[in-house]
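Engineer: Dumping the structure here so I can ask a few things about it.
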Amino acid sequence: MHYLILGLVSLYAGLRVLALRRRMLATATATATAGGPAPKLILRPPVLAAIAAVVVVGGAFLVAGGALTLAQGG
């Protein structure tokens, strides 16, 4: 059961990172077209995409492991 909960939290965190990446890219694009100064990025968008991928894949494995554990009655 713990794996299932951790997996769901991990999947949610991965989706939040992807949303952050999308928001950062939209802000950077809007600022660049308006002619203003470029916003300071915390992490580069490719780094955020890689982090999100690792988190989502790890979460998927945890969800699968948790579902398997529950199916076996554990």
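Engineer: Output the residues belonging to segment 1-37 that are within 29 Å of Ala71 (Cβ to Cβ) and either aromatic (Phe, Trp, Tyr) or in a loop (DSSP other than H, G, I, E, B) (or both).
Structural biologist: Met1, Tyr3, Tyr12
Engineer: Kindly indicate whether any position in segment 23-31 is under 25 Å from Leu6 (Cβ atoms) and at pLDDT 80 or above. Steps first, answer last, please.
Structural biologist: Looking only at segment 23-31, we keep the residues that are under 25 Å from Leu6 (Cβ atoms), and these are none.
No: segment 23-31 contains no residue that is under 25 Å from Leu6 (Cβ atoms) and at pLDDT 80 or above.
Engineer: Out of all the residues in segment 32-74, which are at pLDDT 85 or above, surrounded by 10 or more Cβ atoms within 10 Å (Cβ to Cβ) and not hydrophobic (A, V, I, L, M, F, W, C)?
Structural biologist: Answer for segment 32-74, where residues must be at pLDDT 85 or above, surrounded by 10 or more Cβ atoms within 10 Å (Cβ to Cβ) and not hydrophobic (A, V, I, L, M, F, W, C): Gly58, Gly59, Gly65, Gly66, Thr69.
Engineer: Right, another one. Within 30 Å of Gln72 (Cα to Cα), out of contact with any Phe, Trp or Tyr (no Cβ under 8 Å at 6 or more places or on another chain) and in a loop (DSSP other than H, G, I, E, B) - does that describe any residue in segment 38-57?
Structural biologist: Among the residues of segment 38-57, not one is within 30 Å of Gln72 (Cα to Cα), out of contact with any Phe, Trp or Tyr (no Cβ under 8 Å at 6 or more places or on another chain) and in a loop (DSSP other than H, G, I, E, B), which makes the answer no.
The values are calculated or read from the model by the stated rules, or taken from the named source; none is laboratory data. Quick caveat, the model's predicted, so the values are computed rather than measured. Neighbour counts run over all protein chains shown; Cβ positions are idealised from the backbone, glycine included.
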